[in-house]
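Participant: Below is a structure I'd like to ask you about.
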Amino acid sequence: MGLFNRMGIVVKSKMNKLVNKMEDPRETLDYSYEKQLEMLQNVKRGVAEVTTSKKRLQLQRSKLQQSMEKLDAQAKEAINADREDLARLALERKSSLATQIQGLDTQIEELEKEQEKLVAAEKRLSTKVEVFRTRKETIKAQYSAAEAQVKISESVSGISEEMADIGLAIDRAENKTEDMKARASALDELIETGTLEDFTSSGDDIDRELAKINAQSGVDSELARLKKEAGK
């Protein structure tokens, strides 16, 4: 298999996946149902047209039959009037009309058969269309239910993933917080032991030592005053 053939297969495969993803079976079912309704309407129109044509032939036959009866009466009247020539002419026309009526009877019979076939086809197709409609609505309802379940599952899955991400973020924040607490405690300990100079306080180390001496001297003076007042 050549490179172009393999590429063609890959492209077709991706296109089929894309079409399957975009295709909504509910729309396909509705479209199929609409096409079946169109076919049913065409059959019904066929029945109506055949019925109309048959009625027209029957009306024409009725008119020819009336003309034959009139010609028959004219032939009798011509015989009574000793006009055999007129009687013969009337009978000849009557014979011609009889031939036409026979032709109409044949056509009417054929249309009646065609009408029966179309009516039977209409009933069968109408039943199939109704069965398809019921099945279509059932499949659409099932598809909608399945689609809702998929959306719920995807939502729950998305929530689970988000909660997992939130949990990781909380763990990272707690770890960073604990690190910062440990660093702060270590710095406090270094400052207290004098290992690390506290630049946030005012003065240098000499000032701090002098401040301690002055504080101690003040304590000693205050203690001596208290002893003197107590007579000791």
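Participant: Determine whether SER185 is modelled with pLDDT of 70 or more, open to solvent by 60 Å² or more (accessible area, probe 1.4 Å), farther than 30 Å from LEU57 by Cα and in a helix (DSSP H, G or I).
Facilitator: In short, yes.
Participant: Any chance the stretch 87-102 includes a residue that's touching a residue at least 40 places away in the same chain (Cβ under 8 Å) and in a helix (DSSP H, G or I)?
Facilitator: Yes: one or more hits.
This table checks each residue for (1) at pLDDT 95 or above; (2) exposed (fewer than 14 other Cβ atoms within 10 Å of the Cβ).
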{"site": "GLN66", "(1), (2)": "yes, yes"}
{"site": "ALA75", "(1), (2)": "no, no"}
{"site": "ILE79", "(1), (2)": "no, no"}
{"site": "LEU86", "(1), (2)": "no, no"}
{"site": "LEU91", "(1), (2)": "no, no"}
{"site": "LYS117", "(1), (2)": "no, yes"}
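Participant: Please work out if GLU122 is among the charged types (D, E, K, R) and closer than 15 Å to GLN41 by Cβ.
Facilitator: Answer is yes for this residue.
Participant: Does the stretch 117-132 contain any residue that is more than 21 Å from LYS35 (Cα to Cα), within 41 Å of the chain's Cα centre (by Cα) and assigned to a helix (DSSP H, G or I)?
Facilitator: yes
The values are calculated or read from the model by the stated rules, or taken from the named source; none is laboratory data. Since we're looking at a predicted model, the values are computed, not measured. Positions of Cβ are generated from backbone atoms using ideal geometry, with glycine treated the same way; all protein chains shown enter the neighbour counts. Surface areas here come from the heavy atoms of the whole protein model, side chains and all, with no ligands, DNA or RNA. Shrake-Rupley method; radii C 1.70, N 1.55, O 1.52, S 1.80 Å.
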